[in-house]
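Here, each number is a calculation from the coordinates, and none is a lab measurement. Owing to the predicted nature of the structure, the values given are computational and were not obtained by experimental measurement. Neighbour counts are summed over all protein chains in view; Cβ atoms, including those assigned to glycine, are modelled from backbone coordinates with ideal geometry.
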Amino acid sequence: MDSLYAVPVDPVVPPAPVDVVNQLEVGALPEGLTRLFVELVGDGLGHGIRVPVMVMRGTRPGPVFGLTACLHGNELNGIPVIHELFRTLTPEQVAGTVVGVVALNVPGLHRYQRGFTDGTDLNRIMPGKASGSVAEVYAHRILDRIVGQFGFMVDLHTASFGRVNSLYVRADMRDRRTAAMAYLQRPQIIVHNPASDRTLRGAAMAMGIPSVTLEIGDPQLWQEAYTRSALEGVRAVLAWAGVIEHAQDDLHTTEAPVLCRTSSWMYTDRGGLLEVFPEVTGHVEAGERVARVRTAFGDVIREYEAPAPGVVVGKSVNPVGQTGARILHLGELSAPGDGLLGRGECGL
Ligand SMILES: [Zn+2]
C-alpha cells in the first residue's frame with residue numbers, strides 16, 4: 001500500500017481533545033508537541049472557525065519557524081508535509097520552535113475551493129483589516145494571532161484548479177536569507193518576486209519575517225512524489241535556520257534550479273476549447289507555438305506563440321477556455337547582471 005506517510009501501518013488512535021485558543025502564544029507553551037485550534041472568527045451561528053496548529057518546542061533556544069498550508073482552501077499537498085515533519089520531530093532535536101499551520105483557510109477547505117466563504121482570495125488582501133469584511137478580518141487575524149509569532153515562514157501552496165505547476169518557489173532573490181531558503185528547498189524552478197503583492201508572504205516580509213512560497217503540484221490532491229521532495233526541502237531550510245540537524249548532501253553537487261527574474265501568465269483573447277502544448281519545466285523559444293483554440297465544431301480559430309523565450313512554470317490543463325483563460329505561466333530566465341543571488345552568493 002503506497003502512502004504519503006512513511007510509517008507503513010499507522011496505529012489507529014481515538015481523537016484526543018484539543019485546546020482552543022484565540023491567540024497563538026508560542027512562548028507560553030511547554031516543551032514538546034502541542035496541538036491547538038486557534039479560533040479566528042465566528043460563523044453565522046456563533047461557532048468558531050478554528051485553524052488547526054501543531055507546535056513543537058525544543059529543549060534548546062532558537063528561532064520560531066512557521067510552515068503554513070492551505071491558505072487557498074483546495075491546495076492540500078502541504079498538509080502531509082506538515083504531518084510527516086511533526087511525526088519525525090522530537091523536542092531534543094529542536095532548537096527553538098516549529099509551528100505547522102495545517103489549514104489556514106478552513107471554510108475554503110470544506111468547500112473544496114480556493115477562496116474564503118465569500119470567494120475572496122485571502123492571498124490577495126493581506127494584511128487584511130482589523131475592522132472590515134469577514135475575509136479582511138480573517139486575513140488580519142491570521143497575521144495577528146498566528147503568523148506574527150514566526151521568525152521564518154514557508155507558505156505551502158499548489159497550482160489552482162484547472163492548472164498544473166512545476167515544483168517551484170517564489171522568493172525575493174535579492175535577499176540573502178530568502179534566496180538561501182529558496183535554493184535549499186531544491187525546487188525545479190525559482191521565480192524572483194519581491195513580494196509587494198498583498199500576499200501572505202509579502203505581509204510576513206513586511207513584518208520582518210523572511211518568507212518564501214513553495215508551490216507543490218496540483219490542487220485538491222495528495223501527490224506523494226511532490227510532497228516527499230517538499231519535505232526534504234523543508235528539513236534543509238529548518239537546518240539552515242539552526243532549528244534542526246539535518247544530514248544534507250552538498251547542494252552544489254545537485255543540479256541548480258532554473259532561476260527566473262520574473263514570470264507572467266499568457267491569456268487567451270478568444271474563447272473556445274483550449275489545448276496547451278509545452279509541458280511544465282519545458283523551455284520554449286520566442287515565437288514557438290504553445291496553444292490552440294478551437295470552436296465547438298473543432299475548427300481552429302486561434303493559435304498562440306510564446307512572446308519570449310522562457311521556462312514553463314505552470315500551465316492550464318482545463319480545455320474549457322473562455323476569453324481571458326490562462327494559457328501558460330512563462331518564466332523569464334535570469335541573466336548575469338540582473339542582481340539575483342546565485343547559490344554561492346547567499347552563504348550556501
Ligand atoms: Zn495558492
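Some notes on this structure:
- Around the Cα centre of the chain, unit charges on the Cβ atoms of Lys, Arg, Asp and Glu (plus for the first two, minus for the last two) sum to a dipole of about 540 debye.
- Compared with the alpha-carbon gap, the fully stretched path from THR59 to GLU285 is longer by 76.1 nm at 0.36 nm per residue.
- Sorting 295-302, 339-346, 220-227 by their mean Cβ neighbour count within 10 Å, with the most densely packed peptide first, gives 220-227, 339-346, 295-302.
- Between ALA6 and HIS110, the contour length at 0.36 nm per residue exceeds the Cα-Cα span by 34.8 nm.
- Treating each Cα of the stretch 208-348 as an identical point scatterer and summing with the Debye formula, the log10 of I(q)/I(0) at q = 0.13, 0.14 Å⁻¹ comes to -0.75, -0.83.
- Ordering MET54, MET153 from the fewest to the most neighbouring beta carbons within 10 Å gives MET54, MET153.
- Using a simple spin-label model with pseudo-atoms 7 Å out from Cα toward Cβ, ARG176 and ILE301 lie 5.6 nm apart.
- Over the chain, equivalent-ellipsoid semi-axes from the Cα gyration tensor in Å: 34, 25, 19
- Ranked SER316, SER3, criterion: other C-beta atoms within 10 Å, fewest first: SER3, SER316
- Cβ crowding within 10 Å ranks ASP121, ASP43, ASP155 as ASP43, ASP121, ASP155, fewest other Cβ atoms first.
- Taking every alpha-carbon pair within the stretch 109-182, the share separated by more than 15 Å comes to 67 percent.
- For the stretch 1-141, Kirkwood radius (reciprocal of mean inverse C-alpha pair distance, Å): 16.3 Å
- By average C-beta atoms within 10 angstrom, highest first, the peptides 44-50, 160-166, 280-286: 160-166, 280-286, 44-50
- Degrees between helix 224-240 axis and first principal axis of the chain (Cα, 0 to 90, nearest 10): 60 degrees
- Here the translational diffusion coefficient of the stretch 263-333 follows from Stokes-Einstein with Rh set to the Kirkwood radius across Cα pairs; for 20 °C and 1.002 mPa s it amounts to 181 µm²/s.
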